[in-house]
Amino acid sequence: NYTLGPSITRWNAKRRQWLSQNPGFPSRDARGSPRILLVTGSSPGPCDNPAGDHYLLKSTKNKIDYCRLHGIEIVHNMVHLDRELSGYWSKLPLLRRLMLSHPEVEWVWWMDSDALFTDMGFEIPLSRYEGSNLVIHGYPELLNNQRSWVYVENQYYLHGFWAGLVDKYEEMMEKHHPGLGDERWPFITHFVGCKPCGSYGDYPVEQCLTGMERAFNFADNQVLRLYGFRHRSLTNPKVKPVANRTASPLVNKEASLKMDAKIET
Ligand code: UDP
Ligand code: MN
């Protein structure tokens, strides 16, 4: 019988007390939003395939960009905190440790290393989760045995399956704009079954890496346009300036992130 450590009682009360004694660590950010800590991780050693390490770096850059734009702090873990829980299980002792060490944080948000933010303007509708303590993506009919605390989100792509999305980004750019988060402009594209860092996955590695490159550039365009640039295409790391929108240097970041992308394509 395995446990993650001694059980913790009266956490809400203890946390409330800690917050009142530590006003220097407020649970809300400067905008008044609940403080979020995004947590991701990768294996302690290098990838089997060097391209895997390159895509890990891109995936981390993508997360840093999203977090910077939305005032979220980020942790990248590369150690196994518990010898019995390695690989993908290593997130459990890590998340527990972070929750206990950061009582100022309202939400600890795990995101896989093989998942990319593809809607840089979308924000999680946290108010929907007030009173919940765990939010997962899922389909209620597949989760019939859920315990009463499981908020199951399926109204936007908290986890969008890559295979149906990566070929549609150009179409999305023509028809829609960031900020929607759903199938029109997926919030997250997750490369399930790809294992770019490992040696074998469920899909051909070339198909995975091309898909990741497209997802990365699709997202990166949304960041670059804040600074007046865009990728030449979704498969091209080179960039070009966008049509003149730098006349006003102090653009509203939020509005700019959600602006209709059609004008550029
Ligand atoms: N992970 C980690 N340390 C490891 C292996 C995996 O932090 O040693 C994380 C990594 O972010 C990965 C997630 O756990 O995306 C899920 O692991 P899994 O082996 O299922 O890989 P995936 O299918 O997501 O590539
Ligand atoms: Mn994954």
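Numerical summary
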read-out	value
Within the range 65-91, considering residues that are surrounded by 15 or more Cβ atoms within 10 Å (Cβ to Cβ) and part of a helix (DSSP H, G or I), the one modelled with the lowest pLDDT	Ser90
Selection from the range 46-64 of residues that are within 24 Å of Arg97 (Cβ to Cβ) and either at pLDDT below 95 or hydroxyl-bearing (Ser, Thr, Tyr) (or both)	Ser59, Thr60
Any hit, the range 103-119, residues being of a type in the set (Ser, Thr, Tyr), touching a residue at least 40 places away in the same chain (Cβ under 8 Å) and either away from ligand 1 (no atom under 12 Å from the Cβ) or part of a loop (DSSP other than H, G, I, E, B) (or both)	yes
Enumeration of residues in the range 167-209 that are crowded, with 22+ Cβ neighbours inside 10 Å, more than 16 Å from ligand 1 (Cβ to nearest atom) and closer than 16 Å to Asp114 by Cα	Pro186, Phe187
Any strands (runs of 3 or more DSSP E) falling wholly within the range 172-265 and containing at least 3 residues that are within 16 Å of ligand 2 (Cβ to nearest atom) and at pLDDT 95 or above	188-190
Filter result (outside any loop (DSSP other than H, G, I, E, B) and closer than 27 Å to Trp109 by Cα) within the range 158-171	Gly160, Phe161, Trp162, Ala163, Gly164, Tyr169
Matching residues in the range 18-47 - criterion: being part of a loop (DSSP other than H, G, I, E, B), in contact (Cβ under 8 Å) with a residue 60 or more places away in the chain, away from ligand 2 (no atom under 16 Å from the Cβ) and surrounded by 13 or more Cβ atoms within 10 Å (Cβ to Cβ)	Phe25, Ser27, Ser33, Arg35
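The values are calculated or read from the model by the stated rules, or taken from the named source; none is laboratory data. Every value quoted in this text rests on a predicted model; they were computed, and no experiment measured them. Cβ: placed from backbone, ideal geometry, glycine included. Neighbour counts: every protein chain shown.
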